[in-house]
Amino acid sequence: MYLATTGAAEATRKVSRGRVAGPVLALGSVSLVTDISSEMVTAVLPLYFVLHLGLSPLQFGFLDGLYNGATALVRLVGGHAADRGNRHKLVAGTGYALSALSRLGLLLAGGGTLGIGAALAADRIGKGVRTAPRDAIISLSSPPDALGRAFGVHRAMDTTGALLGPLAAFALLWATADAYDAVFVVSFCVGLLGVLMLVAFVPGREALPTRRYAPTPAPAVPDAAPTAPESGSTAPEPGPTIPEPGPARPKILDPFRDPAFRRILGAAALLGAATIGDAFVYLLLQRQLDFAVRWFPLLPLGAAAVYLSLAVPAGRLGDRVGRRVPFLCGHAALLGAYLLLLTTGAGALLLVGVLLLIGVFYAATDGVLMALAGPVLPAAGRASGMALLQTGQALARLLAAAGFGAAWTLWGVRPALITAVLALAAALACSAVLLRRLERRV
Amino acid sequence: MPAPPPLSSDETGVTEVPDVTPVVPDRRGRDGARTPFAAASTRAKVIAVAAAAVVLATVAAVYTVGAAHRAEPEETASAFGLDAGNLYFRSTAAGHGRVARLPAAPGVAAADRTTGGPACERFYAAGGTGLCLTRRPGIPPTSYAVVLDGRLREKRRIALTGIPNRARVSASGRMLSWTMFATGDSYATSSFSTRTSILDTRTGYLIKNMEEIQLTLGGRRYHSPDVNYWGVSFARDDNRFYATVSTKGHTYLVEGDMKTWKARALRENVECPSLSPDNTRLVFKKRVRSGATDPWRLYVLDLRTMREAPLAEGRSVDDQAAWLDDRTVAYALPGRAKGTSDIWAVPADGSGAPALRVPGGSSPAMVR
């Protein structure tokens with residue numbers, strides 16, 4: 001695979017060095033803007049519900065949880081729809097547009113629970129639909145040996161948006177003395193801008209190499225975006241990839257036929273099933289630290305800052321030494337965070353250590369997993385494959401969070417955390433074996 | 001369905017892409033024949049998106065400025081103090097978001113309210129002490145419990161996290177308690193948990209989170225990390241109190257003792273107890289249906305016989321009821337317009353029928 005570098009891939013690397021493909025930067029900008037838009041709303045929604053509308057928190061929890069399960073299936077549909085007829089840009093754009101429009105829905109719904117529920121559902125569907133096509137465009141627009149960096153750049157930009165969104169929302173509420181409608185209107189405008197940027201700058205189907213199938217890899221499209229207009233327009237030589245029988249009309253479960261993909265999915269699901277979920281990590285931190293409680297809501301910002309600053313280095317490292325390395329190391333960092341929670345009482349060390357390790361975990365695993373899977377998937381079935389992978393991981397994490405919550409309630413914090421540590425260590429060992437075979441195979 | 005032959009998807013009519021040349025349009029619009037938009041030069045696209053960005057930014061800015069103008073100037077001083085014979089409440093009509101009052105005498109029209117009290121999300125007052133749970137926007141937004149004196153001037157301010165939920169003052173005005181939903185501003189948590197505090201205004205001693213209290217459940221000492229308390233109601237002696245504890249999906253009524261700092265579970269399925277002025281009965285909300293639709297009904301529990309009976313209110317009430325006198329309780333129900341609520345009153349013995357007491361109000365507190 002991509003690790004077995006041939007002369008051709010070497011050439012590709014030289015072409016691509018120092019530059020990220022235009023579509024990646026374009027999608028990164030779209031994600032940045034869109035995340036500002038969506039995190040603005042996410043941050044104020046509970047307040048809006050309970051204080052402004054006077055709804056019961058119970059109702060909010062109900063509406064909020066209602067759609068989380070459905071997102072997984074929508075994602076599969078989005079990936080499949082993108083592959084069929086090679087409509088990545090159209091499907092992703094529809095998702096972005098749907099989420100942007102959902103802000104207007106919130107505005108128009110007023111206090112109606114039904115309307116708010118519909119708006120939330122539209123937002124979730126949009127989010128689910130767009131993810132896989134977007135990641136497929138990123139991977140199809142980048143040379144296979146620079147995928148890690150490409151995803152790193154995208155995730156760094158994406159996280160920047162997620163970090164800015166809540167700050168913008170709180171600033172707006174402060175400036176307007178709690179005018180939630182202003183938050184929704186601004187969020188809609190920002191989201192719409194994201195859609196327009198996608199329409200203008202993200203390449204459509206004619207620019208994606210999905211109509212051919214392996215052994216041709218994804219060629220670089222270096223001058224697709226305004227940021228890199230003067231680059232040489234020679235496409236890279238075909239790099240090495242696994243041979244694909246690749247039918248042009250992929251079926252939704254096609255990626256399962258490939259043992260390499262099965263192993264990646266297995267590793268991602270195993271590790272996902274051993275993560276306890278961020279909510280619990282912050283809850284545990286909150287229990288062990290008793291400093292100024294009102295700053296607590298800002299803690300995840302620290303982890304996000306680490307994430308966005310390390311996403312690119314982690315991706316580059318993956319490109320150089322093999323993407324399983326950062327992927328496994330990232331989960332080892334998560335293990336370290338759990339161990340810290342288990343063993344340390346020292347406030348400052350615990351706080352800084354856990355935020356740092358969580359940030360490292362996301363930087364080294366989120367985009368890297370897509371970069372790991374990209375080359376294994378045929379271009380024509382990439383969005384479906386990525387959707388499968390993301391769905392598998394998300395479902396595993398959902399199960400794990402539920403399991404940890406139950407263990408916490410039944411056994412108490414420490415036994416539950418010890419179980420989580422053991423489970424993650426075991427999953428890590430299994431995944432190391434699974435992914436080593438994967439790289440040996442070539 | 002048999003698998004279609006390879007490349008049969010050409011029916012989409014898109015010209016096969018040449019293998020080597022990237023076909024992304026460059027500045028010269030070389031590829032322009034295929035789709036009109038792709039033909040637009042990069043510069044034209046940048047200009048178009050920039051123009052759209054300017055338009056959208058203008059819309060956002062104009063709307064925000066308009067919203068900021070709508071915001072009422074913040075007043076700190078209250079237009080009135082705590083005087084016996086008045087029903088205080090948070091107004092959701094005239095003077096929205098601020099405390100208002102009405103003479104308690106029957107027959108006073110709700111329009112005769114005096115507005116201009118402190119701005120609160122939740123309010124309660126008794127014995128010359130007011131408790132105002134309020135929220136100030138910021139990064140992050142912060143909630144406060146503000147202790148008010150008999151003229152509704154600020155005496156003490158305690159910074160909190162979460163969304164204000166319940167507020168109570170003991171009859172003497174000495175013991176204060178409030179409950180916050182510990183979520184909302186957080187990036188991380190998805191489920192609601194509560195944090196209940198108790199403040200002794202005589203000693204100034206503050207219990208930030210009462211979940212460390214020694215709890216006896218089913219006759220045994222009970223430990224669980226998931227205990228949550230809410231809805232405290234103090235007795236006349238300023239020592240005994242009632243509250244709700246939830247653990248492992250069940251809620252219990254507990255009787256607590258400040259001096260020994262112990263609590264004992266009395267019975268199941270009791271939330272937000274409110275002790276009558278004569279300290280003999282509790283009105284509480286009882287969960288009668290699982291799920292999120294209409295889950296609660298108001299019940300009264302006689303503490304001497306431990307018998308409970310439903311009140312005549314047939315709607316689901318999510319509030320800690322407040323006693324207007326020894327025979328009547330008041331509570332808020334959502335109003336017709338969004339963000340509004342109405343205060344209703346119903347006899348506390350299960351007889352009669354609910355009556356609209358104050359349209360456009362919540363957090364009722366009768367000052368005697």
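Nothing in this text is a laboratory measurement; each read-out follows from the coordinates by a stated rule. The shown structure was predicted, so the numbers you read here are calculated from the model rather than taken from an experiment. Every residue, glycine among them, receives a Cβ derived from its backbone with ideal geometry; neighbour counts consider all protein chains shown.
Place +1 on the Cβ of every Lys and Arg and -1 on the Cβ of every Asp and Glu in region B:197-351, take the dipole about the Cα centre, and give the residue among B:260, B:341, B:351 whose Cα lies farthest towards its positive end.
Positive-end residue among those listed: B:260.
Let's see if you can work this out: charge +1 on each Lys and Arg Cβ, -1 on each Asp and Glu Cβ, no other charges. What is the dipole magnitude of region A:21-203 about its Cα centre, in debye to the nearest 20? Write down the numbers at each step before the final one.
On the way: 11 positive and 10 negative charges, 98 e Å.
Roughly 480 debye for region A:21-203.
Lys and Arg at +1, Asp and Glu at -1: add these up for the other residues within a Cβ distance under 11 Å of residue A:72 and post the number. Don't jump to the answer; show the numbers that get you there.
Values: positive: A:75, A:124, A:397; negative: none.
With Lys, Arg at +1 and Asp, Glu at -1, the net is +3.
Roughly what would the spin-label model give for residue A:348 and residue A:90, points 7 Å off Cα along C-beta, in nm?
5.9
Count, for each residue of A:174-184, the Cβ atoms from other chains sitting within 10 Å of its Cβ, then give me the mean as a whole number. If you can, show how the numbers build up before the last one.
Details: counts 6, 6, 10, 11, 7, 9, 2, 5, 9, 2, 1.
Mean partner shielding for this stretch: 6.
How about residue B:286: which lysines have a C-alpha closer than 20 Å to its C-alpha, ignoring those fewer than 8 places off in the same chain?
B:248
For the peptides B:248-257, B:47-56, A:129-138, what is the packing order when you average, over each peptide's residues, the other Cβ atoms within 10 Å and list the highest mean first?
Details: B:248-257: 17.5, B:47-56: 14.1, A:129-138: 29.3.
Packing order, densest peptide first, comes out as A:129-138, B:248-257, B:47-56.
If packing is taken as the mean number of other Cβ atoms within 10 Å per residue, what is the order of A:88-94, A:254-260, A:280-286, highest first? All intermediate terms of the calculation are to be shown ahead of the outcome.
Values: A:88-94: 23.3, A:254-260: 18.1, A:280-286: 21.6.
Ranked from most to least packed, the peptides come out as A:88-94, A:280-286, A:254-260.
Under a straight-distance cross-link criterion of Cα-Cα below 22 Å, which lysines are reachable from residue B:208, leaving out those fewer than 8 residues away in the same chain?
Partners within reach: B:155, B:259, B:262.
Counting only other chains, and only Cβ atoms inside 10 Å, what mean value do you get across the residues of A:341-351? Show your work: numbers first, answer last.
Numbers: counts 0, 0, 0, 0, 0, 0, 0, 0, 0, 0, 0.
Averaged over the peptide's residues, the number is 0.
Which net charge results when you count Lys and Arg as +1 and Asp and Glu as -1 among the other residues whose beta-carbon is under 15 Å from that of residue B:319? Intermediate results must be reported in sequence, preceding the final value.
Numbers: positive: B:90, B:122, B:166, B:168, B:285, B:286, B:287, B:297, B:315, B:357; negative: B:121, B:271, B:294, B:313, B:318, B:342.
Residues near residue B:319 contribute +4 overall.
Please report the spacing between the Cα centers of region A:398-417 and region B:248-262 in Å, no decimals.
The two parts, judged by their Cα centres, are 25 Å apart.
If each of residue A:430 and residue B:41 carries a label point 7 Å out from its Cα toward its Cβ, how far apart are those two points in nm?
Taking the two extended label points, one gets 5.8 nm.
Let me confirm one metric for peptide B:58-66, namely the mean number of other chain beta-carbon atoms within 10 Å of its residues' beta-carbons. Display every interim value, and only then the final one.
Details: counts 1, 5, 9, 2, 1, 9, 9, 3, 5.
Other-chain Cβ atoms within 10 Å of each residue's Cβ, averaged: 5.
Rule-of-thumb check for region A:84-160: C-alpha Rg over 2.2 N^0.38 Å? Walk me through the numbers before you get to the answer.
On the way: Rg = 15.6 Å, N = 77, 2.2 N^0.38 = 11.5 Å.
Rg over 2.2 N^0.38 Å, computed on Cα atoms: 1.36.
In Å and from the alpha-carbon atoms only, list the Rg and Dmax of region A:254-440.
Values for region A:254-440 (Cα only, Rg and Dmax): 16.9, 53 Å.
May I ask for the net charge around residue A:24, where only other residues with Cβ less than 11 Å from the Cβ of residue A:24 are counted and Lys, Arg are +1 while Asp, Glu are -1? Present the calculation step by step, with values, prior to reporting the outcome.
Working: positive: A:19, A:134, A:149, A:155; negative: A:135.
Net charge around residue A:24: +3.
Calculated FRET efficiency, residue B:68 and residue B:158, Cβ-Cβ r, R0 30 Å, to nearest 0.05?
Working: r = 28 Å, r/R0 = 0.94.
It comes to 0.60.
Compute and list, largest first, the equivalent-ellipsoid semi-axes of region B:108-181 from the alpha carbon gyration tensor, each √(5λ) rounded to a whole angstrom. Working shown, then result.
Details: eigenvalues 90, 52, 26 Å².
Whole-Å semi-axes of the equivalent ellipsoid: 21, 16, 11.
Taking residue A:89 as the anchor, which lysines have their alpha carbon closer than 27 Å to its alpha carbon, excluding any fewer than eight residues away along the same chain?
Filter leaves A:127, A:251, B:45.
Please work out how much length the chain gains when fully extended from residue B:221 to residue B:336, using 0.36 nm per residue of separation minus the C-alpha to C-alpha distance, in nm with one decimal.
36.8 nm
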